[in-house]
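Enquirer: Next up is a structure, given as structure tokens.
The values are calculated or read from the model by the stated rules, or taken from the named source; none is laboratory data. Everything numeric here is computed off the predicted structure, so don't read it as measured data. With ideal geometry, Cβ positions are generated from the backbone for all residues, glycine too; neighbour counts draw on all protein chains shown.
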Amino acid sequence: MSTQKPKQAITLKIAGRTYPFNIERDKEEVYRLAEREVNAYLAQIKQQRVKGWEDADYAAIAALSFAINLINTRRTREVGEDELGRLQALEEKIALYLERQE
């Protein structure tokens, strides 16, 4: 029995070029939103008109920016050792409190 989700062929246009993809049907919205986001960001960067830069340079800076944002998002979601220690101490205090209430 196959548990594969149905695939759908879509074409995305990024920086003026088209790219075909076969994706799961329920992922199309994410791909379309990403396409818009990348194109909007590329347009914003290109407005700076850096002398000597080509499309590949602008694309590289866009990719770098998205990677930086991803890393920052991951870091804000991580629980540090200090926070973990405080949470464990709080858990112990709550457990002691609840034991006394019984």
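Enquirer: Test Ala56 against the criterion of being surrounded by 10 or more Cβ atoms within 10 Å (Cβ to Cβ) and among the aliphatic types (A, V, I, L, M), and give yes or no. Show your work before the answer.
Expert: Details: surrounded by 10 or more Cβ atoms within 10 Å (Cβ to Cβ): no; among the aliphatic types (A, V, I, L, M): yes.
Answer is no for this residue.
Enquirer: Tally time: how many residues in region 53-102 are more than 17 Å from Tyr41 (Cβ to Cβ) and either assigned to a helix (DSSP H, G or I) or among the hydrophobic types (A, V, I, L, M, F, W, C) (or both)?
Expert: Matching residues across region 53-102 total 26.
Enquirer: I'd like the full set of residues that are over 20 Å from Ile10 (Cα atoms) and either among the aromatic types (Phe, Trp, Tyr) or in contact with a Leu (Cβ under 8 Å, 6 or more places away or on another chain) (or both), limited to region 34-56. Spell out the reasoning first.
Expert: Of all residues in region 34-56, those over 20 Å from Ile10 (Cα atoms) come to 41-56.
Listed by number, the residues that qualify are Tyr41, Trp53.
Enquirer: Examine region 64-79 for a residue that is of a type in the set (Gly, Ala, Ser) and over 22 Å from Asn39 (Cα atoms), and state whether such a residue exists.
Expert: Our first condition is that a residue be of a type in the set (Gly, Ala, Ser); within region 64-79, this holds for 65, 67.
From the residues that got through so far, the ones that are over 22 Å from Asn39 (Cα atoms) too are none.
The answer is no; no qualifying residue exists.
Enquirer: Show the residue pairs meeting these rules: Cβ distance below 7 Å; 6+ apart or different chains; first residue within region 43-59 and on the phi < 0 side of the Ramachandran plot and at pLDDT below 90; second residue assigned to a loop (DSSP other than H, G, I, E, B) and hydrophobic (A, V, I, L, M, F, W, C).
Expert: Asp55/Ala15; Ala59/Ala15
Enquirer: Only one residue in Lys7, Lys93, Lys27, Lys13 is basic (Lys, Arg) and at pLDDT below 90, so which one is that?
Expert: Numbers: Lys7 fails: at pLDDT below 90; Lys27 fails: at pLDDT below 90; Lys13 fails: at pLDDT below 90.
Every option except Lys93 fails the conditions.
Enquirer: Can you name every residue in region 31-55 that is of a type in the set (Gly, Ala, Ser) and closer than 30 Å to Lys7 by Cβ?
Expert: Residues satisfying the conditions are Ala34, Ala40.
Enquirer: I need the full set of residues from region 25-49 which are outside any loop (DSSP other than H, G, I, E, B), loosely packed, with under 13 Cβ neighbours inside 10 Å and not small (Gly, Ala, Ser), in order please. Give the derivation first.
Expert: Initially, region 25-49 is screened for residues outside any loop (DSSP other than H, G, I, E, B), giving 25-46.
Subsequent filtering for residues that are loosely packed, with under 13 Cβ neighbours inside 10 Å retains 25-26, 29-30, 32-33, 36-37, 40, 43-44.
Across region 25-49, the qualifying residues are Arg25, Asp26, Glu29, Val30, Arg32, Leu33, Arg36, Glu37, Gln44.
Enquirer: Looking only at region 8-18, which residues are closer than 22 Å to Ala67 by Cα and surrounded by 12 or more Cβ atoms within 10 Å (Cβ to Cβ)?
Expert: Of everything in region 8-18, those that are closer than 22 Å to Ala67 by Cα and surrounded by 12 or more Cβ atoms within 10 Å (Cβ to Cβ) turn out to be Leu12, Ile14, Ala15.
Enquirer: Okay, moving on. Of everything in region 1-33, what is in contact (Cβ under 8 Å) with a residue 12 or more places away in the chain and either among the basic types (Lys, Arg) or in contact with a Leu (Cβ under 6 Å, 6 or more places away or on another chain) (or both)? Give them in sequence order.
Expert: Matches in region 1-33: Lys5, Lys7, Lys13, Ala15, Arg25, Arg32.
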